[in-house]
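Asks: Take this structure first; my questions come after.
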4 protein chains.
Amino acid sequence: MSVEPALSRNERKKAELRREIIDAAFEAFAERGYHATGIADIAARLGIGHGTFYRYFENKRDIVDHVVSATIERIVGALTAENAPGAVDTLEGYRAQSVRIADALAEIITSDPRVPRMLVIEAPGVDPEMANRVLDFFDLAADLNAAYLSHGVERGYLRPGLDVVNTARAINGMILAAAIDGIRRPGVDHQRELSAAIIGVMFDGISRSM
Amino acid sequence: MSVEPALSRNERKKAELRREIIDAAFEAFAERGYHATGIADIAARLGIGHGTFYRYFENKRDIVDHVVSATIERIVGALTAENAPGAVDTLEGYRAQSVRIADALAEIITSDPRVPRMLVIEAPGVDPEMANRVLDFFDLAADLNAAYLSHGVERGYLRPGLDVVNTARAINGMILAAAIDGIRRPGVDHQRELSAAIIGVMFDGISRSM
Amino acid sequence: MSVEPALSRNERKKAELRREIIDAAFEAFAERGYHATGIADIAARLGIGHGTFYRYFENKRDIVDHVVSATIERIVGALTAENAPGAVDTLEGYRAQSVRIADALAEIITSDPRVPRMLVIEAPGVDPEMANRVLDFFDLAADLNAAYLSHGVERGYLRPGLDVVNTARAINGMILAAAIDGIRRPGVDHQRELSAAIIGVMFDGISRSM
Amino acid sequence: MSVEPALSRNERKKAELRREIIDAAFEAFAERGYHATGIADIAARLGIGHGTFYRYFENKRDIVDHVVSATIERIVGALTAENAPGAVDTLEGYRAQSVRIADALAEIITSDPRVPRMLVIEAPGVDPEMANRVLDFFDLAADLNAAYLSHGVERGYLRPGLDVVNTARAINGMILAAAIDGIRRPGVDHQRELSAAIIGVMFDGISRSM
DNA sequence: TATGAATGAGGCTTCATTCAT
DNA sequence: GATGAATGAAGCCTCATTCAT
């Protein structure tokens with residue numbers, strides 16, 4: 001028995017349109033830029049009156065917040081799906097998990113390069129508050145990374161004494177590089193190669209082993 | 001004896017004001033954002049009439065181009081100063097050079113966090129063309145990195161068979177991470193720690209050495 | 001049964017406002033001059049916001065084009081109403097037709113002297129393109145005149161060997177003189193006298209008949 | 001012995017530059033239009049600083065006044081040169097004089113079509129006051145015409161009872177037509193043909209003589 | 001509930017004019 | 001006297017937002 005509040009037909013339709021508006025705004029912002037996009041552009045993509053927009057969202061600033069939230073959720077969702085945090089206890093396990101995460105990210109990036117574009121190119125320029133949200137997200141990702149690293153150090157398969165916080169930020173930067181790369185070079189194969197290089201650096205560094 | 005083309009007093013003053021306008025615009029864009037900054041804001045910072053602005057720059061788009069150029073030059077200048085490309089032939093030499101480069105970057109970032117803010121937060125959101133300029137700059141940095149890596153592979157102090165192009169991009173991402181980190185956490189000490197972590201990952205990876 | 005495409009109430013109101021804007025612009029341009037008139041002036045005459053103007057016309061240049069078009073149509077409409085081209089075959093018939101045309105013109109000019117003012121004073125100074133439109137209109141009128149003259153020469157009631165093209169231009173000039181005269185001296189009676197003088201010169205010249 | 005106040009070398013140079021500024025302004029106004037021409041444009045044509053302009057003329061409105069005055073004087077000068085008002089006492093004499101006047105006008109118009117352009121296209125659109133000046137000039141020309149006609153009626157070689165005032169305006173219009181024609185079709189030969197047609201209408205009308 | 005007509009704050013840009021050098 | 005750097009009034013236009021239908 002479902003205990004969720006049943007949505008009336010009307011409510012379902014409203015929610016659906018709301019989602020469509022977010023999607024249309026995402027497309028418009030990613031393609032033309034936030035500042036160059038008008039509310040009318042978004043409405044026109046859906047064939048609705050632009051007055052209708054204001055029945056679903058407060059204002060332009062409101063929609064971009066939802067668009068960015070949806071974009072972040074898309075990424076987070078993909079990652080947590082492939083992800084059992086703390087479920088690995090060996091170097092190989094961690095490496096395999098890293099590959100899975102990288103693949104999941106590559107999938108998002110290559111299937112829709114507007115995702116990294118929105119997050120890296122458009123969102124930070126919206127206004128200082130939004131820039132902070134994006135930076136917060138980066139920090140959050142770094143925190144998550146750091147947790148993995150701590151786990152690895154504790155378990156002994158990562159270097160003892162590793163500066164987990166800053167190393168996490170460094171690794172985070174490589175992931176960001178992959179995202180940015182996907183904006184301009186969206187092929188899956190290429191993204192895989194880049195992932196491999198990232199994981200190579202991450203685990204082994206670039207020095208010739210002696 | 002100076003052989004430089006002597007600038008008249010007038011020309012010197014014009015060049016000076018031009019530079020001041022670029023600086024004021026840099027400040028305004030970094031602090032309030034490009035789109036939230038009006039020409040009048042820039043002029044007001046200098047106590048000049050806003051009409052004067054248009055004697056020095058074509059329009060708002062023109063000034064941001066110059067601001068970004070100046071910002072990029074600031075970075076490039078700092079790097080090339082510390083930089084003898086291809087002048088190292090050992091792992092330790094490369095590592096030391098990497099430290100010097102990292103220090104130079106840290107110096108820029110911590111001495112003026114508006115530099116990374118302008119490049120990473122504001123510039124990409126100006127318009128698609130500017131976003132491309134920034135992405136071009138990232139690509140250029142990656143190309144430079146790749147050249148270093150190639151040199152190291154040839155000389156034998158870096159891992160044979162290294163995917164230099166993609167590895168360069170990965171390393172580039174870590175540098176970007178440092179830049180972004182500097183936006184929010186501008187202390188020199190912290191930046192040094194982050195640099196150390198980056199160089200640690202870069203050369204040795206995170207795996208426990210056997 | 002009306003077969004005309006039924007305009008919705010909304011469409012009718014829009015078309016009506018559009019017409020009112022053209023009228024207000026006509027008034028403003030005729031009274032203050034095109035360059036001295038601001039969009040805000042036009043809007044203020046109608047008690048609408050100046051933003052509303054831009055819902056109906058592209059820009060200032062657009063509205064003056066429509067104003068001039070409407071002005072030309074007003075003249076052309078009045079003339080073609082009184083006008084059966086080629087329907088006369090005698091000198092007296094042509095003279096009578098000329099009188100009718102002159103009366104129609106006099107009616108327009110005296111009922112609204114802003115019509116000649118717009119066409120002769122304001123429009124040419126808008127920009128070179130508009131000046132060309134006005135000159136084109138004069139040329140068109142001359143062409144029409146020439147057709148009448150040709151007809152008369154063929155039918156034999158006008159002088160054989162008449163240089164119809166240039167004579168048409170000369171007559172055109174007399175009509176223009178009437179228009180200009182109407183700008184400053186708009187009385188109907190006066191306009192009639194001028195028309196009579198024009199037709200006198202046109203048909204008989206000024207020489208004492210022998 | 002000259003009793004005219006001798007101009008110092010300096011004063012002569014000033015007067016010369018003054019004339020050059022008027023000429024340059026004439027060119028600029030005729031070619032680009034009054035409103036589209038900036039003071040800087042005029043100064044640039046002469047290679048002088050635009051601040052210098054204000055040492056010779058009060059403001060932009062001032063210079064166009066002088067330009068129009070010079071233009072009118074150019075016409076009046078050419079006409080009065082060929083012109084002995086009241087010196088003819090026969091129809092043929094008047095006709096010959098009319099031809100001479102027409103030739104003089106044709107000479108001005110074809111040698112510099114910017115003259116009619118300035119007077120008919122540009123000047124009226126400057127502002128209402130300038131429009132009045134132009135209309136005044138037309139009226140003056142009509143008055144002059146009327147004087148000739150009166151003389152002819154008195155002497156008996158023009159039609160008795162002629163409405164000299166309005167007929168003068170009609171003839172004036174034909175002259176205006178020639179001026180306008182010269183704007184677009186500046187050939188001397190063509191202008192001569194048009195003059196002939198005008199004089200033909202003026203003296204004989206278009207009716208077939210019985 | 002959906003619409004789009006109306007609005008006007010806001011921002012960019014031009015250019016005639018001034019005035020210190 | 002000549003210059004051109006500086007100025008800011010003025011005007012065009014956009015577009016987010018409101019609200020009557």
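Asks: Residues to consider are C:Asn172, C:Asn145; find the one that is closer than 21 Å to C:Ala78 by Cβ, of a type outside the set (Phe, Trp, Tyr) and within 7 Å of another protein chain (Cβ to nearest Cβ).
Replies: Values: C:Asn145 fails: within 7 Å of another protein chain (Cβ to nearest Cβ).
On inspection, the qualifying residue turns out to be C:Asn172.
Asks: Would you call A:Ala102 assigned to a loop (DSSP other than H, G, I, E, B) and under 19 Å from A:Ile171 (Cβ atoms)? I'd like the intermediate steps shown before the answer.
Replies: Working: assigned to a loop (DSSP other than H, G, I, E, B): no; under 19 Å from A:Ile171 (Cβ atoms): yes.
Criteria not met by A:Ala102.
Asks: Still on this model: Between residues in the range C:70-93 that are within 24 Å of C:Phe138 (Cβ to Cβ) and modelled with pLDDT of 90 or more and residues that are of a type outside the set (Val, Ile, Thr) and surrounded by fewer than 12 Cβ atoms within 10 Å (Cβ to Cβ), which pairs lie under 8 Å by C-beta distance while being six or more apart or on different chains?
Replies: Listed by first residue and then by second, the contacts come to nothing, as the list is empty.
Asks: Also: What is the number of the single condition among (1) more than 8 Å from chain B (Cβ to nearest Cβ); (2) over 13 Å from the mean Cα position of the chain (by Cα); (3) without any contact (Cβ under 8 Å) to a residue 12 or more places away in the chain that A:Asp136 does not meet?
Replies: (2)
Asks: Which condition from (1) touching a residue at least 24 places away in the same chain (Cβ under 8 Å); (2) touching a Ser or Thr at 6+ places or on another chain (Cβ under 9 Å) is the one that C:Ile121 breaks?
Replies: Going through the list (1) touching a residue at least 24 places away in the same chain (Cβ under 8 Å); (2) touching a Ser or Thr at 6+ places or on another chain (Cβ under 9 Å), C:Ile121 breaks only (2).
Asks: Being within 21 Å of C:Pro186 (Cβ to Cβ) and either within 12 Å of chain D (Cβ to nearest Cβ) or of a type in the set (Lys, Arg) (or both) is the filter here, so list the residues in the range C:91-112 that pass it.
Replies: Applying the first criterion (within 21 Å of C:Pro186 (Cβ to Cβ)) to the range C:91-112 yields C:99-112.
Answer for the range C:91-112, where residues must be within 21 Å of C:Pro186 (Cβ to Cβ) and either within 12 Å of chain D (Cβ to nearest Cβ) or of a type in the set (Lys, Arg) (or both): C:Arg100, C:Ala102.
Asks: Considering only the range A:24-53, state which residues are more than 11 Å from DNA strand E (Cβ to nearest atom), away from chain B (no Cβ under 14 Å) and without any contact (Cβ under 8 Å) to a residue 40 or more places away in the chain.
Replies: Of everything in the range A:24-53, those that are more than 11 Å from DNA strand E (Cβ to nearest atom), away from chain B (no Cβ under 14 Å) and without any contact (Cβ under 8 Å) to a residue 40 or more places away in the chain turn out to be A:Ala24, A:Asp41, A:Ile42, A:Arg45.
Asks: If I filter the range D:14-35 down to residues being exposed (fewer than 14 other Cβ atoms within 10 Å of the Cβ) and either within 11 Å of DNA strand F (Cβ to nearest atom) or among the aliphatic types (A, V, I, L, M) (or both), which single residue comes out as modelled with the lowest pLDDT? Spell out how you get there, then give the answer.
Replies: As a first pass, look at the range D:14-35 and keep what is exposed (fewer than 14 other Cβ atoms within 10 Å of the Cβ): D:15-16, D:19.
If we keep only those that are either within 11 Å of DNA strand F (Cβ to nearest atom) or among the aliphatic types (A, V, I, L, M) (or both) as well, we get D:15-16.
Details: D:Ala15: 89, D:Glu16: 92.
Of everything passing the filter in the range D:14-35, D:Ala15 is modelled with the lowest pLDDT.
Asks: Let me ask you something else. Counting just the residues of the range A:54-66 that are without any contact (Cβ under 8 Å) to a residue 12 or more places away in the chain and under 20 Å from A:Ala30 (Cα atoms), which one comes out farthest from DNA strand F (Cβ to nearest atom)?
Replies: Only one residue tops the list, namely A:Asp62.
Asks: Moving to a separate point now. What are the residues in the range A:172-191 that are of a type in the set (A, V, I, L, M, F, W, C) and in contact with a Phe, Trp or Tyr (Cβ under 9 Å, 6 or more places away or on another chain), if any? Let's see the steps before the verdict.
Replies: Of all residues in the range A:172-191, those of a type in the set (A, V, I, L, M, F, W, C) come to A:174-180, A:183, A:188.
A:Leu176, A:Ala177, A:Ile180 - these are the residues of the range A:172-191 that are of a type in the set (A, V, I, L, M, F, W, C) and in contact with a Phe, Trp or Tyr (Cβ under 9 Å, 6 or more places away or on another chain).
Asks: Could you tell me which numbered condition D:Arg185 fails, if it satisfies all but one of (1) at the interface with another protein chain (Cβ under 7 Å from one of its Cβ atoms); (2) closer than 19 Å to C:Gly173 by Cα?
Replies: (1)
The values are calculated or read from the model by the stated rules, or taken from the named source; none is laboratory data. Everything quoted here is computed from the prediction, not taken from an experiment. Reconstructed Cβ throughout: ideal geometry from the backbone, glycine too, with neighbour counts over all protein chains shown.
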